[in-house]
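Engineer: So that we are looking at the same thing, I have put the structure below in structure tokens.
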Amino acid sequence: MKLFFLKHYFPNPPYLRNAWSSQRIAFVTLLCLLPPLGVALLDKGIALFMVVILSIVVAFCWQVIFSFVRKRRLGLEWLVTAIIFALFVGETVPYWQIILGLSFGIVIGEQIFGGRGFGFLNPAIVALIFLAFSFSGTTFAEPSPWFAIATMTAAIFLVTARLISWRIIVGLLVGLIGVGLLSGKALQIEMLSGSFIFIIVFLACDPVSSASTNLGRWINGLLIGGLAWVFAQTTGMPTQADALIPAIFLASIFSPLIDTLVVLQNIYVRRRSDA
Amino acid sequence: MDFTIRQGLDISVSEAPRQIIEDGSKISCVALSGRDFHNIRFETLVELGDQVAIGEPLFRDRNRPEIIFSAPASGVVSKINHTHRRNLASIVIICKGVSAISFDITKEVQTVLLESGLWTAFKTRPFGLIPDPDASAQAILVTAMDSNPLAADPAIILQTVQESFARGLEVLAELNQTQILVCHGAGSQFVKHQNKHIRYAAFSGKHPAGLPGTHLNRLGLSGRYVWQIGYEDVISIGHLFLTGQLSNERIISVAGPMVQNPRLLRTQRGANLIDLLDGELKDGAFSIISGSILSGRASTYLGHYDKQVTVLPKPENKSRTRFLSQPEGAIAAPILPSEVFETVMPQNILPIPLMRALAVGDWEAAQKLGCLDLLEEDVALLSYLCSSGTDYSALLRLALDNLEKEM
């Protein structure tokens, strides 16, 4: 808990800054990723390990290139991207596809906007979507229930530290249950996949690729939940990575629009109350 | 009227000041700084070596010559500093004797306030400027509470000067014939005035529950032309109209990680803080902030509007590996749009769109998003929370100055 109360004094304003620098956020996210990564590695062994190492090398190379050109610090965000990507891409995909997909995700999904925090997409999601669309038959890895349990602590920590928004999580669940009820397909407990919590916490709630207003976060969550059913047409499992990841991708494309609409609504409301 | 502010954040910086008033050390010199006022071209009215008494004009606004800035202490003008654009930076007076000018308080209230320099205690909303002499506000907001980290409790200070404060409020009511809104902390004991112009509103909650920007919003005055004034200046106005002379006294909170015995000290307006802090500090390098840690400014003199002094340890230059640190000339870090920002914004303003508009210099968007309802201190918590290290207060000031020019 001490992490919350660390103080940093600076010689120029703001003289006091929150302990949550972007570096520390990336570091904490990385720590949160370690338990599920460990579980997955125990499950799948050396095959997944090779994929993780390859992804890390690819992400590192791109980060070094862009950091050098842009004169930016290296950070740790690339490591987060690489691990998330590796966990879902699965150990059966050929290495050249992994290199190609991750490169596309990092360059087109993040670095052309200026790096983490400047764009509106999550590079891991873009990479996975690229693979799914380019090479038919690619399905995302489905981890075991232990994976979900390993993610729980991280989920609770990130929500209480307000690093991720509970509004997106609740919105997503409401959307999932609501749209399910509307279409007559009730969400059953057997439908929960091992990666469900992980995807929500690390991908759906990524602050960069989701809406950045409170109302927008609700809409964003609802949208993901609803879209998950659309992408679950074939399998009927809206909580699986195959349905959720395209849903999150589409929702993150819509998130700037959602924010713009929320801003317009806010301007309208304030103008009326001032008049 | 009672308001509870749900949003906010109380940062525990260090030991809170004990709310007892003691006399501060003797002050050898005071200064009046031009940097405390925005958008003013100053005209200096004294020369080096001049003898001045408390209340004597030091400089005035070139465009609005009625607006006078008066000497906070009696003594000799020892330094006149200029900014790089040849505007006045500050005037330093070496304290000598105690002589004060007597003002004719039978004149109109507005004239007395202008002549004595107490007019400069008002700040307009929007923009935070000194109001024009011929303008009249739709309301005057008296802030009698302070939710800043390590702030003094105004209720304690007001107990010692009840008479002056009451007279000050009467004078304000006389000045404008509009409503005077006294915003105080919930539960603080107040002798309330029976004057049809004076109304009271109690606020509770975490910081920024004590800022005028928050009060304006809850009182339904967003978008109106309002003046704000701090309790300490109302006391000064009351003192002036009771005695005919300006008081140079200020009671401030002295606190921060480097202060041995954080408490309230009685000192002078514009006091030299090195003098004041003599014997008060722990060992080690320090830096002095006049004002709160969130919205204050590094300074060796007490600022015109400041009610507290925060002493921090001097930040050491961390030498990190070049590998991870940001090189010189790199572009700014991004804003990570987490939901924590919404929790410290009591106004119906969307913090992240506003922060983005300010960061890219889109003043028009900032205006649409409601930046005219805010002053620097209202966005200080956003700067504190933002991982990019951006100073939104400074950006907001740029936005306000630009928008004001266009109007």
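The values are calculated or read from the model by the stated rules, or taken from the named source; none is laboratory data. Remember, it's a predicted structure, so these values are computed and weren't measured experimentally. Here the Cβ is made from the backbone with ideal geometry for all residues, glycine too, and neighbour counts use every protein chain on show.
Engineer: So which residues in region B:350-381 are buried (at least 20 other Cβ atoms within 10 Å of the Cβ), in a helix (DSSP H, G or I), of a type in the set (A, V, I, L, M) and more than 9 Å from every other protein chain (Cβ to nearest Cβ), if there are any at all?
Structural biologist: B:354, B:355, B:357, B:358, B:366, B:372, B:379, B:381
Engineer: Residues being surrounded by fewer than 24 Cβ atoms within 10 Å (Cβ to Cβ) and either away from chain B (no Cβ under 14 Å) or in a helix (DSSP H, G or I) (or both): count how many of those fall in region A:99-130.
Structural biologist: 11
Engineer: Go through region B:191-211 and count every residue that is touching a residue at least 40 places away in the same chain (Cβ under 8 Å) and closer than 22 Å to residue B:19 by Cα.
Structural biologist: The number of residues fulfilling the criteria is 10.
Engineer: Just to check your reading of the model, which residue among B:49, B:97 is under 30 Å from residue B:156 (Cα atoms), without any contact (Cβ under 8 Å) to a residue 60 or more places away in the chain and in a loop (DSSP other than H, G, I, E, B)?
Structural biologist: Unique residue meeting the criteria: B:97.
Engineer: Can you tell me how many residues in region A:23-51 are under 17 Å from the mean Cα position of the chain (by Cα) and under 23 Å from residue A:100 (Cα atoms)?
Structural biologist: Looking only at that region, the number is 1.
Engineer: Among the candidates B:64, B:35, single out the residue that is surrounded by fewer than 21 Cβ atoms within 10 Å (Cβ to Cβ) and closer than 22 Å to residue B:232 by Cα.
Structural biologist: Answer to the check: B:35.
Engineer: Has region B:216-233 got any residue that is in contact with an Asp or Glu (Cβ under 8 Å, 6 or more places away or on another chain), over 24 Å from residue B:132 (Cβ atoms) and in contact (Cβ under 8 Å) with a residue 60 or more places away in the chain?
Structural biologist: For region B:216-233, residues in contact with an Asp or Glu (Cβ under 8 Å, 6 or more places away or on another chain), over 24 Å from residue B:132 (Cβ atoms) and in contact (Cβ under 8 Å) with a residue 60 or more places away in the chain: present.
Engineer: Something else now. List, please: which pairs have Cβ atoms under 6 Å, are six or more places apart or on different chains, and start with a residue in region A:249-275 that is under 18 Å from residue B:223 (Cα atoms) and end with one that is charged (D, E, K, R)?
Structural biologist: That search, which allows pairs on different chains as well, returns A:267/B:368.
Engineer: Which condition from (1) within 22 Å of residue A:152 (Cα to Cα); (2) at pLDDT below 90; (3) touching a Pro at 6+ places or on another chain (Cβ under 9 Å) is the one that residue A:3 breaks?
Structural biologist: Failing condition for residue A:3: (3).
Engineer: Within region B:76-89, is there a residue that is assigned by TED's automatic domain parsing to the domain that holds residue B:209, surrounded by 16 or more Cβ atoms within 10 Å (Cβ to Cβ) and either on the phi > 0 side of the Ramachandran plot or touching a residue at least 60 places away in the same chain (Cβ under 8 Å) (or both)?
Structural biologist: Among the residues of region B:76-89, not one is assigned by TED's automatic domain parsing to the domain that holds residue B:209, surrounded by 16 or more Cβ atoms within 10 Å (Cβ to Cβ) and either on the phi > 0 side of the Ramachandran plot or touching a residue at least 60 places away in the same chain (Cβ under 8 Å) (or both), which makes the answer no.
Engineer: Can you pull out every residue in region A:150-169 that is surrounded by fewer than 15 Cβ atoms within 10 Å (Cβ to Cβ) and touching a residue at least 24 places away in the same chain (Cβ under 8 Å)?
Structural biologist: A:152, A:153
Engineer: For residues that are more than 14 Å from every other protein chain (Cβ to nearest Cβ), exposed (fewer than 13 other Cβ atoms within 10 Å of the Cβ) and in a helix (DSSP H, G or I), tally how many sit in region A:235-275.
Structural biologist: Qualifying residue count, region A:235-275: 1.
Engineer: Related question: Please determine whether any residue of region B:149-170 is touching a Leu at 6+ places or on another chain (Cβ under 7 Å) and in a strand (DSSP E or B).
Structural biologist: Looking for residues that are touching a Leu at 6+ places or on another chain (Cβ under 7 Å) and in a strand (DSSP E or B), one finds none in region B:149-170, hence no.
Engineer: So residue B:225 ticks every box in (1) surrounded by 23 or more Cβ atoms within 10 Å (Cβ to Cβ); (2) in the same structural domain as residue B:102 (by TED's automatic domain parsing); (3) more than 24 Å from residue B:7 (Cβ to Cβ) but one. Which box is left unticked?
Structural biologist: (1)
Engineer: If you take the residues in region B:281-318 that are among the basic types (Lys, Arg) and under 19 Å from the mean Cα position of the chain (by Cα), which one is farthest from residue B:143 (Cα to Cα)?
Structural biologist: B:297
Engineer: Okay, next question. Looking at A:96, A:62, A:78, can you tell me which residue is crowded, with 17+ Cβ neighbours inside 10 Å, more than 14 Å from chain B (Cβ to nearest Cβ), modelled with pLDDT of 90 or more and part of a helix (DSSP H, G or I)?
Structural biologist: Step by step, each of A:96, A:62, A:78 is checked, and only A:62 is crowded, with 17+ Cβ neighbours inside 10 Å, more than 14 Å from chain B (Cβ to nearest Cβ), modelled with pLDDT of 90 or more and part of a helix (DSSP H, G or I).
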